[in-house]
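Peer 1: Shown below is the structure under consideration.
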Amino acid sequence: MHPRRALRPRPSGLHWWRNQSNLSVAHFDRFLCNHVLPSFLQFGLFGQLTLASQMIQPLPNECSVAFTDVGKAWRGDAIKQFARTKAWPSNATRVAVCIQGGVRSFTHPEVYKSIRDNAVRSLRASYLRVFYVLNLTSDDCSWCAKRSFRTTSLGELLPAIDAVGHFASLSTEPSDCGWPELRSGLSYADCFIDMLAGPVQFRGKEMCEADIRQYEVAYGVTFDWVLWARPDLKWVFPIGDIRRFRQGHVYAPKIHYTELSDLIALIPREFMAIYSGAFRDWSETNGSKFHCITTAEIIRARRGRLCDFPGFADCIHCWFGSIGCLLEAHLKKHKVPLAYIPEEITARTPRWMMVSSAA
């Protein structure tokens, strides 16, 4: 074929727009770099956060972005927030910390010290107590075909609990999870795989909420916030002063900016019962038993067409079908305002650490 007759790709819409506007390549690229890219980063990725303002700006005639450390940006955002108003958004400073789930890597110093330093201490709460709801039998992977298990003794937990401090209570879950009963006509075999553990996990949250309520009655105190955290996650950087968070909002990460994460959450005390009841079917016909989204329903939910889920008047949309999808739909149903914490604030620990002793 003659070189001049070689097939060339059709010009894209951006090329067409640039040519019609008589912009030079340099001017058009500068427009993309200075206007389009910052808008995408600011509003397309970070939502309510202002982390884009913490980025290293591109050099002249360059259109590349170097992301700064997320923890540094998170702290910088708080500093800017305080500088604008000379006051924190909230004076609510009494915090209940709920550490709930399988023990796994909690007994390792690098894990429990990160919880102590970057979660508990960094909140600078005026009054703080830690409530534990733990499953002492741990596995190293919930969804793997080949799994290892380990049972942790109460004695092995003491160094971690002592280091974290502010102890209030410890409740243990059944070693076999004691799978709660689902609503009529639904079995765990029907649940989408990422939803399978939802009823067990949120029953544990209900247990923790009940322990907090009993403590408040017994000691005549009222908490302003509940920080829910898993025991097997390492906190990478500090969550920061509790005063920076606006009352009336549930703070949680987004999984790759899509579905709400169920790994951690900072919850106003008045919303804790709503939050922990996300996997209950509250319709009258099912007597508040637990439920999940089934595999067949997830296919419809990914298209935004799951419009007949029990107890929900609106359609449910899921990106993937994680526990956080039903959680977020449940919170929106109850008109609970959401705000966000960077997903990078915690990190999963290696599988070997989940079933090994810290000794």
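Peer 1: Taking the mean number of other Cβ atoms within 10 Å as a proxy for protection, how do you rank 325-332, 350-357 from highest to lowest?
Peer 2: With the highest mean Cβ count within 10 Å placed first, the list reads 325-332, 350-357.
Peer 1: What size of dipole, in debye to the nearest 20, comes out for region 94-354 about its Cα centre when the only charges are +1 on Lys and Arg C-beta atoms and -1 on Asp and Glu C-beta atoms?
Peer 2: So the dipole magnitude of region 94-354 works out to roughly 540 debye.
Peer 1: Apply the a/c threshold of 1.5 to the C-alpha gyration tensor of region 216-344 and tell me whether it is rounded, prolate or oblate.
Peer 2: oblate
Peer 1: Given an 8 Å cut-off on Cα distances and at least 6 residues of separation, report the relative contact order of region 294-359 as a percent.
Peer 2: 19 percent
Peer 1: Using the Cα centre of region 160-293 as the reference point, and only Cβ charges (+1 on K/R, -1 on D/E), how large is the resulting charge dipole? Debye, rounded to the nearest 20.
Peer 2: That gives a dipole near 420 debye.
Peer 1: Right, here's the next one. Quick one: which residues, 5+ away or cross-chain, put their amide H under 5 Å from the amide H of His108? H built at 1.01 Å from N.
Peer 2: Distant-sequence amide H within range of His108: zero hits.
Only the coordinates and a few stated rules stand behind these numbers; no lab work does. Just so we're clear, the structure is a prediction, and the values are computed from it rather than from any experiment. Cβ coordinates were reconstructed from backbone atoms using ideal geometry, including for glycine residues, and neighbour counts include every protein chain displayed.
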